[in-house]
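**Student:** The structure is given below, and queries will be raised subsequently.
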Amino acid sequence: MGAPLIQKGCFDIPDVRGIVPRKLKPWIFIAFVLIFQLSGGVYLAAASNMVGATALMHEDIMMAGYASLVGMSLNFAVMFRLKFRFSLRTSLKTCSVALIICNLICLHTTNVPLLVTTCFIAGWFRMWGTFACNTTIQLWITPKRDMAEWFCFIYLIVQGSMQLDGIITVYTAFWSSWRYIHWLVIGLLSVVFMLTTLLIRHHRSMPKLPLFGIDWLGSALWGGVMLCIVFICLYGDHYDWWYSVHIRTATLFAIIGIVINVWRMKLLRHPYIAPIVWKNHIIIKTTILYIIIDFLVSTEHVFEHAFGEVILGYDAVNAISLNWYVFAGVIFSCIFCYIVFAKRRWRFKTMTIIGFAFAAVYLAYFYFFIDYNLEKEMLIIPLFCRGAAVVICSICFLTAISQAGLPFPNFAQALTINGFASAVLGSNIGPAILGEIFEHTMAKNAMLIGSKMTAVNTIATHIPHGQLYGIVQQHAMIVSMKEIFGWLLMIAILMIVMLLAVATDTIRPSAIHPKWSTIRKGIKNSLKIYRRIPIPFVSKWSGTTTE
């Protein structure tokens with residue numbers, strides 16, 4: 001494992017051969033990160049194309065996509081172990097080959113269990129490759145190892161790539177076929193493999209650390225629990241929830257998995273996620289806030305697509321072009337957090353309120369302006385605010401986790417919980433709940449509106465019943481969306497009021513990423529003795545440590 005160097009004020013990466021200019025080396029890894037971020041197992045933006053071409057259900061495609069996110073989240077807990085075991089060259093070549101194989105399988109299979117398993121594995125390797133690249137250029141991004149600055153960069157790359165991924169996928173499917181996005185990613189990963197072979201050498205600044213003491217069974221159990229929760233949320237409406245044996249079975253497996261994990265973590269010396277992480281009050285607070293903010297913006301999955309396609313009549317290309325507005329919000333929020341949060345050290349409470357305020361503006365805009373004839377340009381402000389809300393809260397919460405007082409090995413486990421909360425639970429539970437509420441609300445409004453319009457039609461207008469039904473359904477959809485946006489807006493305002501009412505919070509971002517040699521020493525010692533050696537984050541302002 002190589003460590004970046006700063007010699008005479010010029011950043012250098014000893015893993016890269018000397019034929020590459022120093023100033024070019026970090027940009028190579030940024031390009032690699034973008035490629036790894038694009039290389040999921042399936043591409044959800046092309047779900048409708050895949051459904052038509054493969055005879056799979058929409059829920060099957062979504063299940064595979066979220067399985068990739070589960071795999072990514074699970075990798076957080078072991079990513080430091082992988083860094084200390086394998087060289088950068090080995091990591092990049094392994095991840096490239098694994099992702100190429102996963103894309104080939106996803107391109108040719110229609111077997112749902114195989115597709116879900118492949119995407120799960122693809123997510124795991126996707127995170128490994130991304131982490132290997134990011135940590136290599138960490139000192140180039142933030143020479144002082146400031147975690148607030150670091151997370152601004154991370155979310156610019158991750159959230160920005162998510163928006164660009166959808167745009168590239170839809171445009172590729174529009175001009176040719178959804179299958180070509182897989183071939184495009186396979187080609188890019190092949191370039192990563194070739195450049196790694198040619199330009200990166202085996203280099204170690206520290207001895208490798210073997211992969212013993214990892215609770216792989218615990219990892220599989222946590223992954224199984226998350227997949228069961230995703231299955232319940234995605235297939236619940238299709239199978240009529242707990243009236244179905246499939247949903248009841250998945251619920252039983254999830255409960256059994258949680259019970260076994262809790263029992264094992266109390267007995268094992270090195271559980272995959274230690275009890276100290278689950279008991280930390282900051283982890284609990286950020287997890288709850290993550291789920292709430294994701295719930296507030298989960299209308300993206302339930303309403304926005306239906307509104308754009310059914311009410312406004314957008315095709316796939318016009319619908320995905322809205323991602324540019326979200327992308328602009330992501331860029332703005334990362335720059336904003338870098339200036340006021342990382343540099344000027346605004347309080348966590350202030351940043352959280354700002355994030356929820358952006359979410360409130362997003363909901364209020366749709367509540368007041370949603371209409372049949374809404375112009376596309378009118379969607380710039382709400383989608384911009386949605387992108388900003390998620391990123392501001394995410395940067396704030398991740399930085400708070402880094403100052404939660406956990407030993408550094410347990411900090412990696414906290415990132416896994418953070419991944420479960422944001423990418424798995426919040427992204428699935430919210431749409432599932434809102435989908436059910438929307439279904440019942442729309443049925444109620446359709447009945448009320450239909451009874452009035454039928455009476456008027458009988459007396460005066462004599463509209464054909466088929467056309468009348470379409471008008472009723474369309475109007476009921478608009479009214480139901482407006483009603484639910486109003487309820488969510490009240491929740492967002494209530495959250496802002498509660499955050500303003502709590503005791504004054506004076507905590508500001510101050511966490512510093514430890515040196516790699518310090519992290520390795522702490523992990524090695526924790527494997528040798530029963531007592532964990534805490535590796536603290538160091539406050540750059542007070543000179544004290546957080547343990």
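The values are calculated or read from the model by the stated rules, or taken from the named source; none is laboratory data. All values derive from a computational prediction rather than experimental measurement. Note: ideal-geometry Cβ built from the backbone for every residue, glycine included; neighbour counts use all protein chains shown.
**Student:** How many residues does segment 511-537 hold that are modelled with pLDDT of 70 or more and touching a strand residue (DSSP E or B) at 6+ places or on another chain (Cβ under 8 Å)?
**Tutor:** The number of residues fulfilling the criteria is 4.
**Student:** Here is a list of conditions, (1) touching a strand residue (DSSP E or B) at 6+ places or on another chain (Cβ under 9 Å); (2) surrounded by fewer than 22 Cβ atoms within 10 Å (Cβ to Cβ); (3) hydrophobic (A, V, I, L, M, F, W, C), and PHE411 meets all of them except one; can you say which number that is?
**Tutor:** Result: PHE411 fails condition (2) only.
**Student:** Can you tell me which of VAL390, VAL330 is within 21 Å of LEU69 (Cα to Cα), at pLDDT 90 or above and out of contact with any Phe, Trp or Tyr (no Cβ under 7 Å at 6 or more places or on another chain)?
**Tutor:** After ruling out the rest, the residue left standing is VAL330.
**Student:** Let me ask something additional. Determine which member of the set ALA31, ALA67 is modelled with pLDDT of 85 or more, in the same structural domain as PRO113 (by TED's automatic domain parsing), assigned to a helix (DSSP H, G or I) and over 18 Å from the mean Cα position of the chain (by Cα).
**Tutor:** ALA31 is the lone residue from the list that is modelled with pLDDT of 85 or more, in the same structural domain as PRO113 (by TED's automatic domain parsing), assigned to a helix (DSSP H, G or I) and over 18 Å from the mean Cα position of the chain (by Cα).
**Student:** Here is a further query. Working only within segment 34-50, note down all residues that are of a type in the set (A, V, I, L, M, F, W, C), farther than 17 Å from MET194 by Cα and in a helix (DSSP H, G or I).
**Tutor:** Matches in segment 34-50: LEU38, LEU44, ALA45, ALA46, ALA47, MET50.
**Student:** Also, I was wondering about something else. For segment 143-167, enumerate the residues that are surrounded by fewer than 20 Cβ atoms within 10 Å (Cβ to Cβ), over 18 Å from the mean Cα position of the chain (by Cα) and not charged (D, E, K, R).
**Tutor:** Answer for segment 143-167, where residues must be surrounded by fewer than 20 Cβ atoms within 10 Å (Cβ to Cβ), over 18 Å from the mean Cα position of the chain (by Cα) and not charged (D, E, K, R): just PRO143.
**Student:** What number goes with the only condition from (1) surrounded by 15 or more Cβ atoms within 10 Å (Cβ to Cβ); (2) more than 19 Å from TRP222 (Cβ to Cβ); (3) of a type in the set (Lys, Arg) that ARG264 does not pass?
**Tutor:** (2)
**Student:** Follow-up. So how many residues does segment 44-58 have that are touching a Gly at 6+ places or on another chain (Cβ under 8 Å) and either surrounded by 22 or more Cβ atoms within 10 Å (Cβ to Cβ) or charged (D, E, K, R) (or both)?
**Tutor:** Taking segment 44-58 as the starting set, the residues that turn out to be touching a Gly at 6+ places or on another chain (Cβ under 8 Å) are 44-45, 47.
Next, from what is left, pick out any that are either surrounded by 22 or more Cβ atoms within 10 Å (Cβ to Cβ) or charged (D, E, K, R) (or both): 45.
Going through segment 44-58 one residue at a time, the tally reaches 1.
**Student:** Could we say that GLY18 is surrounded by fewer than 20 Cβ atoms within 10 Å (Cβ to Cβ) and assigned to a loop (DSSP other than H, G, I, E, B) here?
**Tutor:** yes
**Student:** Moving to a separate point now. Would you check which residues across segment 238-260 are outside any helix (DSSP H, G or I) and not hydroxyl-bearing (Ser, Thr, Tyr) and list them?
**Tutor:** If the condition is that a residue be outside any helix (DSSP H, G or I) and not hydroxyl-bearing (Ser, Thr, Tyr), then HIS238, ASP240 are the ones that fit.
**Student:** Can you list the helices (runs of 4 or more DSSP H) found entirely within segment 86-204 that contain at least 2 residues being within 23 Å of ILE331 (Cβ to Cβ) and in the same structural domain as VAL42 (by TED's automatic domain parsing)?
**Tutor:** 112-136, 138-141, 147-175
**Student:** I'm told ILE273 meets every condition in (1) in a helix (DSSP H, G or I); (2) buried (at least 21 other Cβ atoms within 10 Å of the Cβ) except one. Can you identify the failing condition by its number?
**Tutor:** Going through the list (1) in a helix (DSSP H, G or I); (2) buried (at least 21 other Cβ atoms within 10 Å of the Cβ), ILE273 breaks only (1).
**Student:** Select, from VAL310, VAL330, the only residue that is aliphatic (A, V, I, L, M), closer than 19 Å to GLY160 by Cα and not assigned by TED's automatic domain parsing to the domain that holds GLY65.
**Tutor:** Values: VAL310 fails: closer than 19 Å to GLY160 by Cα.
Among VAL310, VAL330, only VAL330 is aliphatic (A, V, I, L, M), closer than 19 Å to GLY160 by Cα and not assigned by TED's automatic domain parsing to the domain that holds GLY65.
**Student:** Take LEU499 and decide whether it is at pLDDT below 90 and assigned to a helix (DSSP H, G or I).
**Tutor:** For LEU499, the condition - at pLDDT below 90 and assigned to a helix (DSSP H, G or I) - is met.
**Student:** Still on this model: Can you find, within segment 361-380, the residue that is surrounded by the most Cβ atoms within 10 Å (Cβ to Cβ) among those that are among the charged types (D, E, K, R) and free of Cβ contacts under 8 Å to residues at least 24 places away in the same chain? Don't jump to the end; show me each part of the working.
**Tutor:** Initially, segment 361-380 is screened for residues among the charged types (D, E, K, R), giving 371, 375-377.
Next, from what is left, pick out any that are free of Cβ contacts under 8 Å to residues at least 24 places away in the same chain: 375, 377.
Values: GLU375: 10, GLU377: 8.
So the residue we want is GLU375.
**Student:** Hey, another quick one. Quick one: would you say ALA122 is within 28 Å of ALA319 (Cα to Cα), touching a helix residue (DSSP H, G or I) at 6+ places or on another chain (Cβ under 8 Å) and of a type outside the set (Asp, Glu)?
**Tutor:** Yes.
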